[in-house]
1. Kindly indicate whether Tyr66 is of a type in the set (Phe, Trp, Tyr) and assigned to a helix (DSSP H, G or I).
2. Would you check which residues across region 2-42 are exposed (fewer than 12 other Cβ atoms within 10 Å of the Cβ) and on the phi > 0 side of the Ramachandran plot and list them?
3. Any residue in region 14-26 that's more than 13 Å from Ile74 (Cβ to Cβ): show its pairings with residues that are of a type in the set (Asp, Glu) and surrounded by fewer than 20 Cβ atoms within 10 Å (Cβ to Cβ) at Cβ separation under 9 Å, as long as the two are six or more apart or on different chains.
4. Based on this model, can you work out whether Ile45 counts as within 13 Å of the chain's Cα centre (by Cα) and among the aliphatic types (A, V, I, L, M)?
5. Give me the pairs, please: first residue somewhere in region 52-78 and over 16 Å from Leu106 (Cβ atoms), second residue anywhere and of a type in the set (D, E, K, R) and not in a strand (DSSP E or B), beta-carbon distance under 6 Å, and either six or more positions apart or on two chains.
6. Can you tell me which residue among Tyr66, Tyr136, Tyr84, Tyr117 is of a type in the set (Ser, Thr, Tyr) and touching a Pro at 6+ places or on another chain (Cβ under 7 Å)?
7. I need the full set of residues from region 71-85 which are in contact with a Phe, Trp or Tyr (Cβ under 7 Å, 6 or more places away or on another chain) and small (Gly, Ala, Ser), in order please.
Amino acid sequence: MARTPSTMLPLGTKAPEFSLMDTVSDKIIDLQTMKGEMGTVIMFICNHCPFVIHVNPEISRMGEEYQTKGIGFIAISSNDVENYPQDAPHLMKQVAKAQFYSFPYLYDKTQEVAKAYQAACTPDFYLFDGNLELVYRGQLDDSRPGNGRQLTGNDLRRATDALLNDEEIDSNQKPSIGCNIKWAGLRY
């Protein structure tokens, strides 16, 4: 199992715009439509990565909890489906339903969105404030498949709660760790 860290996009970066196909609704969705009034979590995930499978229950819980507080949640898969067919859009739709995602699960076919966000791994988490400026990027929490640590979402929860309470967000942030994004034209 590969262990690729986040690239840690600089704090304060403005969220790159995008319009992508939501695999659940089969509609094109853009960032401006899906952003939350108070902030937005954008996560790069995929269907088959063991790290994502491990965090799925918590990202589903967090999505449901924080969307009611004005935080938009958006999941994006950018993996090359030609070489990784298990990440194909029709299967993304099945995963979203099975995991009870309350947020869109978008397909980045060209991989341009992942490149714009400098996403490196799945899962990779970004929290933007109400002005779409980056305030947190990194791990969900310290739990990883097989390490015995409880899945809590503590790191992302702490940052999101601070954003909602207009408190300072600690800039000492740990990168996420997961499978590398499967870039088109490369074999892993």
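1. Numbers: of a type in the set (Phe, Trp, Tyr): yes; assigned to a helix (DSSP H, G or I): yes.
Answer is yes for this residue.
2. Selection gives Gly12, Asp26.
3. As it stands, the answer is Lys14/Glu133, since those pairs meet every condition given.
4. Criteria met by Ile45.
5. What qualifies is Gly70/Glu37.
6. Details: Tyr66 fails: touching a Pro at 6+ places or on another chain (Cβ under 7 Å); Tyr136 fails: touching a Pro at 6+ places or on another chain (Cβ under 7 Å); Tyr84 fails: touching a Pro at 6+ places or on another chain (Cβ under 7 Å).
Among Tyr66, Tyr136, Tyr84, Tyr117, only Tyr117 is of a type in the set (Ser, Thr, Tyr) and touching a Pro at 6+ places or on another chain (Cβ under 7 Å).
7. First pass over region 71-85, keeping only residues in contact with a Phe, Trp or Tyr (Cβ under 7 Å, 6 or more places away or on another chain): 73-78, 80.
Result: Ala75, Ser77, Ser78.
Read-outs: derived from the displayed coordinates by stated rules, not from any lab. The shown structure was predicted, so the numbers you read here are calculated from the model rather than taken from an experiment. Every residue, glycine among them, receives a Cβ derived from its backbone with ideal geometry; neighbour counts consider all protein chains shown.
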